[in-house]
Amino acid sequence: MAKALLIDFEKCLNCRMCEMVCSAKHEGVIDPFRSRIRVILQERDWEGVPMACVQCEEAQCAAICPVKAISRDETWGRVIIDYDRCIGCRMCVAACPFGLINFDSVSKRVIKCELCDGDPECVKFCFHKALQYVDVSELGIAKRREAAEKLSGLTRKTASVVAPIPLKVPPA
């Protein structure tokens, strides 16, 4: 079954460990600019949002590639780049609707998350569990569970604040 990264934005503490381990694994150096996962910083409050290729079902990067160097690996359900075919035109970078394909200026090639062949390094080192590697069928379940937990907590909080109102029964 296909798997994907599940990113819980509320658990992310902006430590950027995911970027460091990704670049170390793939490029042999700790350099966030060479990472396949990126923590996008919100400058006004310095909160971070981890972003990685979402492995689109209808991948625009694959559709636009003039040499068909980008394809879907059905084993892992991921979109991969065949570097033997890639000509470095960067059309895929422009076509990605989320901006999640990057050009590595050191290696002179495009890079994107390919889920580390089914064993994502970023997930192993995310100590706050903001990143998880789950079956794609669980993506919606996880969101529903999270929403239910929030609603349940809110309901309990509201119930403890509101005291029962005694009923006055008129004399018969």
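The values are calculated or read from the model by the stated rules, or taken from the named source; none is laboratory data. All values reported here derive from a predicted model rather than from experimental measurement. Neighbour counts are summed over all protein chains in view; Cβ atoms, including those assigned to glycine, are modelled from backbone coordinates with ideal geometry.
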Problem set entry | Test: Arg85 is without any contact (Cβ under 8 Å) to a residue 24 or more places away in the chain, touching a Lys or Arg at 6+ places or on another chain (Cβ under 9 Å), part of a loop (DSSP other than H, G, I, E, B) and surrounded by 12 or more Cβ atoms within 10 Å (Cβ to Cβ) | yes
Exercise. If you check Arg36, Arg72, which single one turns out to be assigned to a strand (DSSP E or B), of a type in the set (D, E, K, R) and touching a strand residue (DSSP E or B) at 6+ places or on another chain (Cβ under 7 Å)?
Worked result: Arg72
Exercise. Of all residues in region 39-66 being assigned to a loop (DSSP other than H, G, I, E, B) and of a type in the set (A, V, I, L, M, F, W, C), which is nearest to Cys86 (Cα to Cα)?
Worked result: Cys65
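Here is a yes/no grid of residues against (1) touching a Phe, Trp or Tyr at 6+ places or on another chain (Cβ under 9 Å); (2) on the phi > 0 side of the Ramachandran plot; (3) acidic (Asp, Glu); (4) surrounded by 17 or more Cβ atoms within 10 Å (Cβ to Cβ):
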position	(1), (2), (3), (4)
Ala2	yes, no, no, no
Met20	yes, no, no, yes
His26	no, no, no, yes
Arg36	no, no, no, yes
Gln42	no, no, no, no
Gly48	yes, no, no, yes
Seminar exercise, completed: Residue pairs within 9 Å by beta carbon, gap of at least six or interchain, first lying in region 128-139 and under 20 Å from Val39 (Cβ atoms) and small (Gly, Ala, Ser), second part of a strand (DSSP E or B) and at pLDDT 80 or above, listed first then second, are Ala130/Ile7; Ala130/Pro50
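Results for (1) among the β-branched types (Val, Ile, Thr); (2) touching a strand residue (DSSP E or B) at 6+ places or on another chain (Cβ under 7 Å), shown as yes or no for each residue.
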site: Glu10; (1), (2): no, no
site: Asn14; (1), (2): no, yes
site: Ser23; (1), (2): no, no
site: His26; (1), (2): no, no
site: Val49; (1), (2): yes, yes
Problem set entry | In region 39-77, the residues that are within 16 Å of Leu100 (Cβ to Cβ) and among the charged types (D, E, K, R) | Glu57, Glu58, Arg72
Exercise. Would you pick out the residues in region 1-33 that are in contact with an Asp or Glu (Cβ under 9 Å, 6 or more places away or on another chain), part of a loop (DSSP other than H, G, I, E, B) and within 29 Å of Lys108 (Cα to Cα)?
Worked result: Asn14, Ile30, Asp31
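Tally time: how many residues in region 9-38 are more than 22 Å from Cys96 (Cβ to Cβ) and of a type in the set (A, V, I, L, M, F, W, C)? Break it down into steps so the answer makes sense when it comes.
First pass over region 9-38, keeping only residues more than 22 Å from Cys96 (Cβ to Cβ): 10-11, 13-15, 17, 20-21, 24, 28-30.
Checking the rest, the ones that are also of a type in the set (A, V, I, L, M, F, W, C) come to 13, 15, 17, 20-21, 24, 29-30.
Residues that pass the stated criteria total 8.
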Exercise. Out of all the residues in region 116-130, which are of a type in the set (A, V, I, L, M) and at pLDDT 95 or above?
Worked result: Val123
Problem set entry | Search result, residues across region 90-106 that are part of a loop (DSSP other than H, G, I, E, B) and in contact with a helix residue (DSSP H, G or I) (Cβ under 7 Å, 6 or more places away or on another chain) | Cys96, Pro97, Ile101, Val106
Exercise. Pro97: surrounded by fewer than 14 Cβ atoms within 10 Å (Cβ to Cβ) and at pLDDT 95 or above, yes or no?
Worked result: no
Seminar exercise, completed: Taking region 103-146 and keeping only residues that are small (Gly, Ala, Ser) and exposed (fewer than 13 other Cβ atoms within 10 Å of the Cβ), one is left with Ser105, Ser107, Ser137, Gly140
